[in-house]
Amino acid sequence: MLARPGLPTFDYIVPATPNQVVQLLQEHGNAVRLMMGGTDLFVRMRQGAIRPKILVDVKHLPGMRDIQHDERAGLTVGAAVTMNEVASHAPVRAHYPLLAEAAHSVASYQVRNRATMGGNLCNASPCADTAPAVLVLEGDLVLYGASGERAVPAEEFFVGPGSTVIQPDEFLTGIRFPLPPNGSQGKYMKLGRSKAGDLALVGVAVLGFPDKTAASGYGFRIALGSVAPVPLRVAAAEKVLALRPPDENAFALAAEKAMQAAAPIDDVRASAAYQKAMVRTFTLRGLQKVWGQLCNT
Amino acid sequence: MTPPVLEPVGKSVQRVDMYDKLTGTAQFADDLQFGPGLYYGRLVRSPCAHALVKHIDSTKALRLRGVKAVVTGQELPAQIGLYLKDRPVFARDRVRYVGDPVAGVIAVSEEIAEDAAQLVEVQYEELPAVFDPLEAAQPDAPLLHPDLGKYEVASFIFPQPGSNISEHFKLRKGDTESAWSRCAAIVEGTFRLPQIQHVPLETHIAVAKWESSGQVTLWTSTQSPFAERDLIAQSLGIPHGNLRVVAPYVGGGFGGKAGVSMEVYAVVMARAVKGHPVKLRMTREEEFVGTTTRQSLVARTKIGCDAEANLLAMETQYYFGGGAYNDYGVNIARAAGYSCTGPYDIPNVKGDSYCVYTNLPIGSAMRGFGMPEIHWGIEQIMDQLAEKVGMDPAEFRRRNCVRTGDTILTGMEMPQIDLVACIDKVTEAAKWHNREKPAAPHKKRGKGIAIMWKAPAMPPNPGSSAVLRFNEDATVQVEIGAQELGQGAFTVAAQIAAHALGVPYEWVRVSAPIDTKFSPYEWQTVASRITWSMGNAIKVAADDAKRQILNMVADHWGEDAANLDIKNGRVISYRSERELPLKNMVVYGLPNEDFEGWKGGPVVGQGKFMPTYVTNLDPETGQGTRAVVHYTVGAQAVELEVDTDTGQVEILTVASAYDVGKAINPDLVMSQIEGGAVHGASSTFEALRFDDQGQPLNSDLADYRIMTAVDAPREIHGDFVETPLEDGPWGARGVGEHVMVPTAPAIANAIHDALGIRFNDLPLSAEKIFLALRGKEQKEE
Amino acid sequence: MTIHSITVTVNGKKEYLTVPSNMTLLVMLRDQLGLTGTKNGCTAGECGACTVLIDDEPVNSCMMLALEADGHEVTTVEGLGCDDGQLSPLQQAFAVHNAVQCGFCTPGMLISAYALLQRNPHPTEDEIREALVGNLCRCTGYLRIVNAVQDAAEKGKA
């Protein structure tokens, strides 16, 4: 049925420590939802999809809103860092431009001032814009729970639409990225129904870099969003590009492999047939763009 | 300081509402404050597309703390509607679409009202439902309104009881049968358009208060305060004088806030909690499927011309999918019927236009009122005919378009217009014969043109009235009942009043908000009729006031009033060259010599306008002396680029020209042209989607996309022609709706030009275009 | 439901308020402070009619809890003009370009445009259109709004 006019009632708690969050999760189970930007949570609460009794606002916990960059260790983005903060952060733009691009492609400017990296990933919507970027940048999701901290590789994080490996007593504190491969170039390609501001009908992240261990001399990583129950890496396409010299034929074949890996469904936003075809188009365009960037540097 | 603007008609003066709208002080209905006694309402809506209502149980809802009352149709067997009273105020025995209101809950907060609404238990017995207008028009279709024959109906609407057809308009002119054989080219097609929504930024909202004395006040966002009063008063048995409708600024109407829709629920809910105002606000989700929509259409159209490209014959059937209630929609089918040819002179015409009930949200007025719908098919067929006879599409239209003095399809003589001039202007602005290269190898470029006509669609006798009152300092209050929807009605009112009176524009104040208790009558702010009809009434009122002033001063000076005039707020004599400021005199009058008594007094000018010449049409042929008051015509050309790898369309430029008779405010005309072009372009890609049970699939802005700043065309060349209308103020006729009529077919024609593919069905989408391109490639291989 | 006492600076004025946990900033501004210039168009972060500034950055006030504004500065359309009632240069540009029709999107549009010019005083047309993608307008077709923002930028004042 139609959404409620406003938010239903709930208790609001600002936890003082990560352990308090864990305690609340253990005590109240499903009645608790963690909130950060609320841009997705509030919509679903109005729709009645979820009706938590308690909202625990975790964005003020230490580190949650920090971006830490170390030229040798890599990048850590706090779970509650907003999309605009990611998109405008100078070291992110310099060293992880693909991530900045993906964050920038989310919704509108004012939504990006509230929407967070962590929220985008934890909601595990297949169309989450930052997921393909996190996948190809091989980020780890840092979870905190009763048994302490653990890091989950992005590729293992998503289980299904709305579902992740986060345990009932855990929450996401941040995303840790290794140093990007030397000389890497990236591109996030997004198809929406409008030129900007829409949800992704298809999202393709491509990362390319010189790789002496590859027969082709180049490594490519490709991840797709919005075209399967979870965002996914396309190993078959990546393999093509590791073996074949990077030319139009190889790109076309890789794009074909990406299309084969996609398993979209027909819905109100687009048909599966169109989404599959667009995976090919956008993978091809992404590869051409990244190759162009690689050749220009 | 900028100098005062004198004789403002024809000048692009600043809007009267500009300052208030830029500072957040302009009040919309939701902005009014009602204090702590305010209650809130929520509606209980049907989850079924078609069902019998077996039982309603409000017990649980009433037990919730803070709930004040629950109202249902059982307590109030009332019908409502503009042309056909087919809508129960709350569904009683039957619901006819997903979202059909069955009950209203009143509580101390919106939140509690919503919780309680979810506790109202309704038992339904589901019935077979029908969603396609063609299917619904068949004799064996599930019947939505078994009582169709019992509903009160306007004299010019012809429902067919025992069927789902709520209106059938017939047009018969000449002899199409014999004409086909003389045609060198014939094109026929079936064209489908989905239901779409107006998407005003402000959703519907109404606050009602029912005093124990029987006085009722309704504050609401509406294009039609007086029609609201009339229809609600009739429906609920309230004396008209006891029902007051207050209508602040409207945050976008586009026809969606015409007539009466959800406002009546607020009034009925207020009756249950007398003395307390009750606020009923539509959420965005409800706005999409629970207020009104543009009707769907299935058009089957066949048009033929001879080898010299002269149009000879047309046969068409229009099936409008009117949704569950057609109280307003019947007149859209009628308007599409009497204008069924589009702006063309065709000697032989057979047209049948139907409005058909379907189990979907209510179809009603939307900008263009049937014209965007029918032009979608007509204008694509014209391009195909032009191609068949080997003529440029613009030239084909020049040859065949309607001209002043033509006897048009209803037998009426076409009033003054110049459509050829509009075509000339847009082909020039669009550099029609220049072909630019696309921006990239995977892109294709195309140009398309479409022309249009539209008459104000309304009863024969919709009236306007106006009162002008002077303040002591000779500033003027203009009292009107027309509404400001953003189109600039208040500004045009002030310009006309100032110009006709001879005072600076800055001296005029529009008495707003519109309030049926104080404002003079206006039928509705619809049909692009306000500049013309209200404008005429204000002009009459100004002339009346001016006459009073000049007679007083003529008497004072001992001169002939014929030699006097008002200029820049001063009475002047062309004979004696004397001058006297209006200040004080317009309220206190003037003293006689030596103060031996006084003359004059507060000046109040009154004016009215109502067309008196429109005739009913023959029910079997649609023929009559005067079907409509007039037509506004125009043309539009579009240039676009299609990405053949994705199907995405970028509209590069739009060139439009309309014959406005006289641009009272050229900048406001241009604003309508630009906004309408984008509205039309956006509508080309819009559709309300439902599953096979009639459940809405995209009733929010995330999945019902309207054009954003990045999608809208960046180049819009607006222009106008001024062929004066005989009975328009300074010759003016309306242009508010027309500006979106030709856009969708112009886009379709441009896409065909680019790709060689025709799309008969809306909406377009990148996906649809891409898949069609792929289909074409496969065929060619 | 929890009730929260908060201190918010709204258009330069300190306000001490008590808000329930589920009240949005939009409802607080409109119902508690009577600042009705900020509009409710969708309650879903899609239309931008409710856009306000939080510490100089635009957000959808329908998508933020009132209690989250505790300790922050909020600027609404009522706070954009000059103290003497004169229109700000950006508002003046909207007036000159006739960039207003129904006026319902205007407050949010002005806030987004103002914020853009604060962070990017000389935006390109692309940048302006992109910055306004979260502010829907059904009347104007955006052309005049974009021109007004460009004009205000060229004059170097917001």
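Report the label-to-label distance for B:Lys431 and B:Glu781 in nanometres (one decimal), using points 7 Å from each Cα along the Cα→Cβ vector.
Distance between label points: 3.7 nm.
Quick one: give the max-minus-min coordinate of the C-alpha atoms of the protein assembly as shown along each principal axis, largest first, in Å.
That gives 104, 77, 67 Å along the principal axes, largest extent first.
Between B:Ile716 and residues 5 or more places away or on another chain, which pairs have amide H atoms under 5 Å apart, with H built 1.01 Å from N, and which residues are they?
B:Val654
Tell me which of A:Ala236, A:Tyr274, A:Val206 sits at the most positive position along the dipole axis of segment A:186-279, charges placed on C-beta atoms (Lys, Arg +1; Asp, Glu -1).
My answer, from the dipole projection, is A:Val206.
Amide H to amide H, which residues 5 or more places from C:His72 or on other chains are under 5 Å from it, using H placed in the peptide plane?
C:Thr9
Calculate for chain A the 222 nm mean residue ellipticity that helices alone would give, adding -39,500 (n - 2.57) per DSSP H run of length 4 or more and normalising by residue count, nearest 500 deg cm²/dmol.
-10000 deg cm²/dmol
How well do other chains shield peptide A:110-118, expressed as the mean number of their Cβ atoms within 10 Å of each residue Cβ?
6
What FRET efficiency, computed as 1/(1 + (r/R0)^6) with R0 = 35 Å and r the Cβ-Cβ distance, is obtained for B:Asp560 and B:Glu726, rounded to the nearest 0.05?
Result of the calculation: an efficiency of 0.70.
How about segment B:126-184: which GluC sites (Glu not before Pro) there lie in a loop by DSSP and see at most 16 other Cβ atoms within 10 Å?
B:Glu152
For segment A:148-157, just list the computed ³J(HN,Hα) in residue order, Karplus coefficients 6.51, -1.76 and 1.60, θ = phi - 60°, integers in Hz, with x standing in for Gly and Pro.
Using θ = phi - 60°, the values come out as x, 9, 9, 10, 10, x, 3, 5, 9, 6 Hz.
As a test of the formula, what do you get for chain B when each DSSP H run with n ≥ 4 contributes -39,500 (n - 2.57) and the sum is divided by the residue count, at 222 nm and rounded to the nearest 500 deg cm²/dmol?
Calculated at 222 nm, the ellipticity per residue is -7500 deg cm²/dmol.
Report the extension gain between B:Asp392 and B:Lys599 in nm, rounded to one decimal, defined as 0.36 nm multiplied by the number of residues separating them, less their alpha carbon distance.
Net length gain for the segment: 67.7 nm.
What's the magnitude of the charge dipole for the protein assembly as shown around its Cα centre, counting Lys and Arg as +1 and Asp and Glu as -1 at the beta-carbon? Answer in Debye, nearest 20.
The dipole magnitude comes to about 940 debye.
Rg over Rh of chain B, using C-alpha atoms and the Kirkwood radius, what does it come to?
Expressed as Rg/Rh, it is 0.99.
If amide H atoms are built 1.01 Å from N in the plane of the peptide, which residues on other chains or at least 5 residues away come under 5 Å of the amide H of B:Leu201?
C:Arg138
Distance in nm between label sites at A:Cys295 and B:Asp473, each 7 Å beyond Cα in the beta-carbon direction?
7.2
I'd like the antiparallel share, as a percent to the nearest 5, of DSSP beta bridges with both residues in segment B:474-594.
Close to 70 percent.
Within chain B, what percent of beta bridges assigned by DSSP are antiparallel, to the nearest 5?
80
Average partner chain C-beta neighbours within 10 Å, per residue of C:60-69?
For peptide C:60-69, the averaged partner shielding equals 5.
Can you tell me what share of the DSSP beta bridges in the protein assembly as shown is antiparallel? A percent to the nearest 5 is fine.
80
How shielded is A:29-41 by partner chains, expressed as the average number of their Cβ atoms within 10 Å of its Cβ atoms?
Counting other chains' Cβ atoms within 10 Å and averaging over A:29-41 gives 2.
Starting at the first residue of segment B:57-68, write each ³J(HN,Hα) from the Karplus equation 6.51 cos²θ - 1.76 cosθ + 1.60 with θ = phi - 60°, in whole Hz, x for Gly and Pro.
10, 9, 3, 5, 5, 5, 6, 5, 5, x, 7, 9
Evaluate the relative contact order of segment A:217-260 (contact order divided by residue number), counting alpha-carbon pairs under 8 angstrom at least 6 apart; express in whole percent.
For segment A:217-260, the relative contact order is 36 percent.
Sorted by packing (mean other beta-carbon atoms within 10 Å per residue), highest first, where do B:295-308, B:256-269, A:151-164, B:588-601 land?
B:256-269, B:295-308, A:151-164, B:588-601
Tell me, what HN-Hα J-couplings in whole Hz come from the Karplus equation 6.51 cos²θ - 1.76 cosθ + 1.60 at θ = phi - 60° for each residue of segment A:240-255, using x for Gly and Pro?
3, 6, 6, 9, 9, x, x, 10, 4, 5, 5, 4, 5, 5, 4, 4
At 222 nm, what helix-only mean residue ellipticity would chain C give, in deg cm²/dmol to the nearest 500, using -39500 (n - 2.57) for each DSSP H run of four or more?
-7500 deg cm²/dmol
When the chain is fully extended, how far beyond the present Cα-Cα distance does B:Asp175 get from B:Gln606, taking 0.36 nm per residue of separation?
150.2 nm
Please compute the modelled spin-label separation between B:Leu771 and B:His442, points set 7 Å along Cα→Cβ, answer in nm with one decimal.
2.0
With Cβ to Cβ distances under 11 Å as the rule, what net charge do the other residues near B:Lys546 carry (K, R +1; D, E -1)?
It works out to a net charge of -1.
The numbers here are math on the coordinates, done by the rules we state, and not lab data. Just so it is clear, the structure is predicted and the values come from calculations on it, not from any experiment. Reconstructed Cβ throughout: ideal geometry from the backbone, glycine too, with neighbour counts over all protein chains shown.
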